[in-house]
1. Compute the distance in nm between two label points, each set 7 Å from the Cα along the Cα-to-Cβ direction, one at Lys70 and one at Thr103.
2. Trypsin sites (Lys or Arg not before Pro), restricted to segment 172-233: which are DSSP loop and have at most 10 other Cβ atoms within 10 Å?
3. How would you rank 105-114, 246-255, highest first, on the average number of other Cβ atoms within 10 Å across their residues?
4. Using packing as a proxy for protection, rank 57-63, 139-145 so that the peptide with the highest average count of other Cβ atoms within 10 Å comes first.
5. Round to the nearest 0.05 the FRET efficiency obtained for Ala56 and Glu78 when R0 = 45 Å and r is the Cβ-Cβ distance.
6. May I ask for the equivalent-ellipsoid semi-axes of segment 35-171, computed as the square root of five times each C-alpha gyration tensor eigenvalue and listed largest first in whole Å?
7. Given a Förster radius of 22 Å and the C-beta distance between Glu247 and Ala280 as r, what FRET efficiency does 1/(1 + (r/R0)^6) yield to the nearest 0.05?
8. 7 Å from Cα along Cα→Cβ at both Glu154 and Ile49: what's the point-to-point distance in nm?
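Values quoted throughout were computed directly from the atomic coordinates according to the rules given, and no laboratory measurement underlies them. Since the structure is predicted, the reported quantities are computational estimates derived from the model, not experimental observations. Cβ: placed from backbone, ideal geometry, glycine included. Neighbour counts: every protein chain shown.
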Amino acid sequence: MDNKVALVTGANKGIGYAIAKGLCKLFTGTVYLTARNEELGKDAVVRIIAEVPKRACKELRFYQLDISDKDSVIRAKEYLMKEHGRIDILINNAGIAFKCNSTVPFGEQAFETMKVNYWGTKQVCEQFFPLLSPHARVVIVASQLGLLKKISNEDLKKRLESADLKMENLNSIVNHFVESAKNNVHTDFGYPNSAYAMSKIAVIAMTKILQREMDKDSREDIVVNACCPGYVATDMSSHKGTLTPDEGAETPLFLALAVENSISGGGMYYLKKQVDWRTAIFFNLIDVRNWSFIKGTFFN
């Protein structure tokens, strides 16, 4: 039997659920569906087993994981180390977004969004990367709202896209965004007026840093990429998306299942193609009928 391991965060519904379901169809190792809510996560496993009676995977398991809780992440890492000693596919899908009509102060939105989407994803990577096997695939589910054109300050753009950007530099940028958001002056510094957008800009920049680190690692062919799944009909988009969750899962699955030495890392992908983080335009993602609803907020 295949001893490989795949893990998907935030997988009890939406795109994460579709990714986990897709792995059950296509991946021959053990698949971990993780979620904060144990009841919802276990129910998701039951539903996938019913939906996919003929599964390629060795086993589908649930593990409770809150990516914003360091203790939860460490427990998951220790469990995986003891149970398997490896991770072959890590899909960072978990994330939050505030609705555009939210009455929560923007500073609080910025703090909470970064706590999960950036800091949570970062600590999952920090804890789980030592378990990555040679030829492992890491996918960070981002968004077209994370494209660099959302930054209006040219100096900030250059800092974010620099090949010399270090994680501590990116941490400082994220902290500065949150602090300036608390004082409602974030746009004065060129940040977007969307906490979700800024969080996705940050995780794409993090993807590039992580790949540079992996390029120096002795383990062969560990590839880290970000992707935009498209405008998907999920709870996050109030089910206004033009794609189904299964369609949104296609690019993350493409990256996760790329065979050995077949794909480069540090990229941003859409429709299974690498796109330019700085200049890409995804016209076909935008439903102009709902533009007033989505423009300030959160579709993937």
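1. It is 3.5 nm.
2. Working: sites: Lys182, Lys200, Lys208, Arg212, Lys216, Arg219; in loops: Lys216, Arg219.
Answer by residue number: Lys216.
3. Working: 105-114: 18.6, 246-255: 22.4.
Final packing ranking: 246-255, 105-114.
4. Working: 57-63: 18.0, 139-145: 27.3.
Peptide ranking by packing, descending: 139-145, 57-63.
5. Values: r = 28 Å, r/R0 = 0.62.
Plugging the Cβ-Cβ distance into 1/(1 + (r/R0)^6) gives 0.95.
6. On the way: eigenvalues 185, 84, 47 Å².
Semi-axes (√(5λ), whole Å): 30, 21, 15.
7. Numbers: r = 19 Å, r/R0 = 0.86.
My answer for the efficiency is 0.70.
8. According to this spin-label approximation, the distance is 5.9 nm.
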